[in-house]
């Protein structure tokens, strides 16, 4: 059985974006494209309605490219348990209240038992402080926290 992996919106955006002139963004795009072409088959991939809402925003042609990436991927549902965990994460200061959509991504992955949450959002999600707080909070709620990772950090072998 393949490990489950929730794709946060930044991954989809990097896959569908035109090449960036910013060196760091361009490097992230390249790493993401390599992961997508070489390693995504190692995982059972999931997105959510929130990801779909987020990728539809902005420029129409860019949104279409992002939506193309999502075709055929399974969806996780935002249910009462997810909404409750979002509130708890915010109260427990796992993620800032101003980053509610980011908190929803993390809660979705935790509630649905994802093995991994893949993101390039290092400000609110993929940073050491958030990872530890999410792990501790999930444990206190009887949940297993997903491993929060960037494509660069994701282990090559399971």
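The values are calculated or read from the model by the stated rules, or taken from the named source; none is laboratory data. It should be emphasised that the depicted structure is a prediction, and the values quoted were computed from it without experimental measurement. Every residue, glycine as well, gets a Cβ built from its backbone with ideal geometry; the counts of neighbours run over all protein chains shown.
Overview of values
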item	result
Residue list for the range 3-43, filter: in a loop (DSSP other than H, G, I, E, B) and in contact (Cβ under 8 Å) with a residue 60 or more places away in the chain	3, 8, 39, 43
Residues of the range 119-138 satisfying the condition of being assigned to a helix (DSSP H, G or I) and surrounded by fewer than 19 Cβ atoms within 10 Å (Cβ to Cβ)	128, 129, 132, 133, 135, 136
Qualifying position, being surrounded by fewer than 18 Cβ atoms within 10 Å (Cβ to Cβ), closer than 24 Å to residue 37 by Cα, modelled with pLDDT of 95 or more and over 12 Å from the mean Cα position of the chain (by Cα), among 83, 71, 65, 75	75
Test result for residue 58, over 13 Å from the mean Cα position of the chain (by Cα), at pLDDT below 95, under 16 Å from residue 10 (Cβ atoms) and exposed (fewer than 12 other Cβ atoms within 10 Å of the Cβ)	yes
Every residue from the range 10-53 that is buried (at least 16 other Cβ atoms within 10 Å of the Cβ) and farther than 17 Å from residue 72 by Cβ	10, 13, 14, 17, 28, 29, 31, 32, 35, 50
Those residues of the range 139-153 which are farther than 13 Å from residue 11 by Cα, surrounded by fewer than 19 Cβ atoms within 10 Å (Cβ to Cβ) and within 14 Å of the chain's Cα centre (by Cα), in sequence order	147, 153
Complete set of residues in the range 55-96 that are assigned to a loop (DSSP other than H, G, I, E, B) and touching a strand residue (DSSP E or B) at 6+ places or on another chain (Cβ under 6 Å)	73
Residue in the range 106-118 that is touching a strand residue (DSSP E or B) at 6+ places or on another chain (Cβ under 9 Å), closer than 21 Å to residue 17 by Cα, touching a residue at least 24 places away in the same chain (Cβ under 8 Å) and in a helix (DSSP H, G or I) present	no
Yes/no for residue 52 being closer than 21 Å to residue 149 by Cα, in a helix (DSSP H, G or I) and out of contact with any helix residue (DSSP H, G or I) (no Cβ under 6 Å at 6 or more places or on another chain)	yes
